[in-house]
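Trainee: Structure incoming, see below.
We did not get these values from a lab; they are worked out from the coordinates using the rules stated. None of these values were measured; they are calculated from a predicted model. Every residue, glycine among them, receives a Cβ derived from its backbone with ideal geometry; neighbour counts consider all protein chains shown.
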Amino acid sequence: MLATGFFVGHVPLAPATWACCISIILWYFTRSIPLLYTGIAVVLFALGVVISQRYEKVLGDDPHCVVIDEYACFLLPLYFIPRNILFVVVAFISFRILDILKPPPLRRLEHAPHGWGVMLDDLGAAVYTTIIIMVARIVLHR
């Protein structure tokens, strides 16, 4: 259930995009408790490495039904946004575009072994998205 984001990974159209909604729900309900939020993010990332490795052995490289990488890593940029729908939308769109396009060095990270590749390219997209959010906050003074 964790691998597929409670079966979101089996949605026929854009399962990774839908999986990011799981992150938004987690963010909405746990952001006011930073230690809990951080703990959830770290545990999901660690589980994502293990789960991805197991799924890759059965289904091949980066199976589309496995979306724990999206919803675990999208928690990073969400941590840095204010409770503002504009920032949620900017983070969401930025993360998805970066995850799809995989600018350097994300494409190389994707080839890391043992489930790490599945998680690290998304973590990289999350770091890039976090930078975009931080710049937007500075520009908008929020």
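Trainee: How big is segment 8-140 on each of its three principal axes, counting only the C-alpha atoms and giving the largest first in Å?
Mentor: 45, 30, 27
Trainee: Run lengths n ≥ 4 of DSSP H only: what is the helix-derived mean residue ellipticity at 222 nm for the chain, with -39500 (n - 2.57) per run over all residues, to the nearest 500?
Mentor: -22500 deg cm²/dmol
Trainee: Let me ask another. For segment 1-46 and segment 115-142, compute the distance between their C-alpha centroids and round to whole Å.
Mentor: That distance is 16 Å.
Trainee: Let me see the P(r) profile for segment 90-142: every Cα-Cα distance counted, bins of 10 Å, each bin given as a percent of all pairs.
Mentor: Spelled out per bin, shortest first, that is 28, 46, 21, 6, 0.
Trainee: Taking the mean number of other Cβ atoms within 10 Å as a proxy for protection, how do you rank 28-37, 76-85, 50-59, 121-130 from highest to lowest?
Mentor: 121-130, 76-85, 50-59, 28-37
Trainee: If you don't mind, another one. Using +1 on the beta carbon of Lys and Arg, -1 on that of Asp and Glu, and nothing else charged, what's the dipole of the chain about the Cα centre, debye to 20?
Mentor: 440 debye
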